[in-house]
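The values are calculated or read from the model by the stated rules, or taken from the named source; none is laboratory data. On a predicted model such as this, the values are computed, not experimentally measured, just so you know. All Cβ positions, glycine included, derive from the backbone under ideal geometry; neighbour counts span all protein chains shown.
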Amino acid sequence: MTAASLLSRGGLVFDLDDDAPKPRDILVVGDRIKAVADPGRAIEGDVPPGLEVIDATGRMVVPGFVNAHYHSHDVLAKGLLEDMPFDVWALHSQPAFFGPRGKAELRMRVLLGAIDCLRNGITTVQDMNTLVPQDEETLDVILAAYEEVGMRVVFSIALRDIGALDVAPFLPPDVPADILARIQGSDRDPIADLDFVERQIKRRGDLPSRMTWALSPSGPQRSSRALLEGIADIGQRENLPIFTHVYETKAQAAKARVLYAAQGGSMIRWLDEVGLLRPGTTLAHCVWLKPEEIAMLAGRSVSVAHNPVSNMKLKSGIAPMRALACEGVNIALGCDNSSCGDCQNMFQAMKAFCLLAAATDPQPTGVLAAGAMRAATIGGAEALGLKGAVGELRGGMKADMMIVDLSDPAYMPFNNATRQLVYSESGRGVETTIVDGRIVMRDRRMTTVDEAALREELAEMMPRFRREFATVAAASERAKPYLLAANRNVAAVDVGVNRFLF
Ligand SMILES: [Zn+2]
């Protein structure tokens, strides 16, 4: 049940412009914040019916985070992979290799990923979802699980009609045919895929208020011109945000130099040509951008979703965040797949965002905790098409927030709200999470799902999943030396920028 009204009383209300937040009461009516006021001043006149009071004394109320890049399909694979460059990892984690999953597993992975988010104060997620099989039943199970857990989601069905791994052009010539077939994948019909997505948007037009649609080509190099232009067209007609992966790895940059030779080797110019470089587009990763491409993103009001932890785990390089910030590009933060970051934790992402700036620049960079908090809240909201709805705590906004316990050692002593959220907090202090005016976690317990029952169900499910994961891993093992050789070939290619420290 959505609480009719909530009053958070006595908590310090986080303010990006004030490192010493003040106690404020927050009145929530329905799904929105009605007032943020001095203690005792939030309610004028009659007490709203059904008012639930939360004593937030000794706590800080913080806007819910926006996880701007995530895929729910491999939540069960957390902790299973390590020390793999991107394309080797991709061979282990692509949903296509696993075949159809049962409904219980589809529901489980959405719920577990969402609980990981909500426990860490993430109230909105962009799930770039690869539906396998791509059918209505699979989609409905996933959307129902989001509805059940009560998380805000901007949902997109990831499309790719070119099956090959990004690094495929750089393979050595002696790859056995069966391994090559696995690496090359199989292509799909773009028209059928576009038609499927458009039909789903029409069919599920009545999404609950916490859910919105977006569109996702998996990556320009994995998509035909017809697919990219088709997505641009649906995006314009339906006014939907678009999310895609861009320049995550050096192999993608090296491939772009050949694939988009007519566009000066630039994936960004190619996106422009197919109508996707526009406000409302968010590019995940952007590790291997050239300076002139960064300027283009700024000029077109395109957002970047930075995923520092996954970029490090998959040996993708360090994204040029200082240059993007200096050019005024809107920056959001994501936690990416659970198999390449192993958790949905914005505190880790924010800390890495700040600290990585030091890896490439020994001088002060201006990459500060406040910038990380902005990216995790307002920046993410803008990227997801939710600007003015989430990311801030003020009257009229959706009531998405977390309540953080200031008696946690992370705040002892409490010197600076922003810096301690970014550098000291681990997620341990998040006590209560509210989405759309509804308490979904209270005193560290989920209110929307039975976590004990979920744990039991998971324990039953995992032996089979681990067996199947091991089968995919074993099949990928023979391809690994060839993919590593391709990676070495890419290392020798000059793409005009270097995002490694060598
Ligand atoms: Zn991704």
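Quick one: which helices (runs of 4 or more DSSP H) lie wholly within the range 261-365 and hold at least 2 residues that are away from the ligand (no atom under 14 Å from the Cβ)?
Details: elements: 267-273, 291-299, 308-313, 321-327, 346-360.
Helices (runs of 4 or more DSSP H) meeting the threshold: 267-273, 291-299, 321-327, 346-360.
Looking only at the range 314-339, count how many residues are of a type in the set (D, E, K, R) and free of Cβ contacts under 8 Å to residues at least 60 places away in the same chain. Before you say what the answer is, go through the steps one by one.
We begin by selecting, within the range 314-339, every residue of a type in the set (D, E, K, R); these are 315, 322, 327, 336.
If we keep only those that are free of Cβ contacts under 8 Å to residues at least 60 places away in the same chain as well, we get 322, 327.
Selection size over the range 314-339: 2.
Confirm whether Gln252 is within 16 Å of the ligand (Cβ to nearest atom), modelled with pLDDT of 95 or more and under 24 Å from the mean Cα position of the chain (by Cα).
Numbers: within 16 Å of the ligand (Cβ to nearest atom): yes; modelled with pLDDT of 95 or more: yes; under 24 Å from the mean Cα position of the chain (by Cα): yes.
Yes: the conditions hold for Gln252.
Filter the range 234-249 down to residues that are buried (at least 24 other Cβ atoms within 10 Å of the Cβ) and either over 20 Å from the mean Cα position of the chain (by Cα) or of a type in the set (Phe, Trp, Tyr) (or both) and give me whichever is farthest from the ligand (Cβ to nearest atom).
Tyr247
Assess whether Thr433 counts as being polar (S, T, N, Q), touching a residue at least 40 places away in the same chain (Cβ under 8 Å) and farther than 19 Å from Ala305 by Cβ. Let's see the steps before the verdict.
Values: polar (S, T, N, Q): yes; touching a residue at least 40 places away in the same chain (Cβ under 8 Å): yes; farther than 19 Å from Ala305 by Cβ: yes.
It is true that Thr433 is polar (S, T, N, Q), touching a residue at least 40 places away in the same chain (Cβ under 8 Å) and farther than 19 Å from Ala305 by Cβ.
Does the range 173-186 contain any residue that is buried (at least 23 other Cβ atoms within 10 Å of the Cβ) and in contact with a helix residue (DSSP H, G or I) (Cβ under 7 Å, 6 or more places away or on another chain)?
Step one: list which residues in the range 173-186 are buried (at least 23 other Cβ atoms within 10 Å of the Cβ), which gives none.
Scanning the range 173-186 turns up no residue that is buried (at least 23 other Cβ atoms within 10 Å of the Cβ) and in contact with a helix residue (DSSP H, G or I) (Cβ under 7 Å, 6 or more places away or on another chain).
Can you pull out every residue in the range 50-84 that is farther than 30 Å from Asn330 by Cα, among the aliphatic types (A, V, I, L, M) and assigned to a strand (DSSP E or B)?
Hits for the range 50-84 are Leu51, Val53, Ile54.
When only residues in the range 1-25 that are among the hydrophobic types (A, V, I, L, M, F, W, C) and more than 25 Å from Pro413 (Cα to Cα) count, which is surrounded by the most Cβ atoms within 10 Å (Cβ to Cβ)?
My answer is Leu6.
I need a count of the residues in the range 132-154 that are surrounded by 23 or more Cβ atoms within 10 Å (Cβ to Cβ) and part of a loop (DSSP other than H, G, I, E, B).
Total satisfying the criteria: 2.
Consider Trp89 against the criteria (1) crowded, with 24+ Cβ neighbours inside 10 Å; (2) of a type in the set (Phe, Trp, Tyr); (3) within 16 Å of the ligand (Cβ to nearest atom): it satisfies all of them except one. Which criterion is unmet?
(1)
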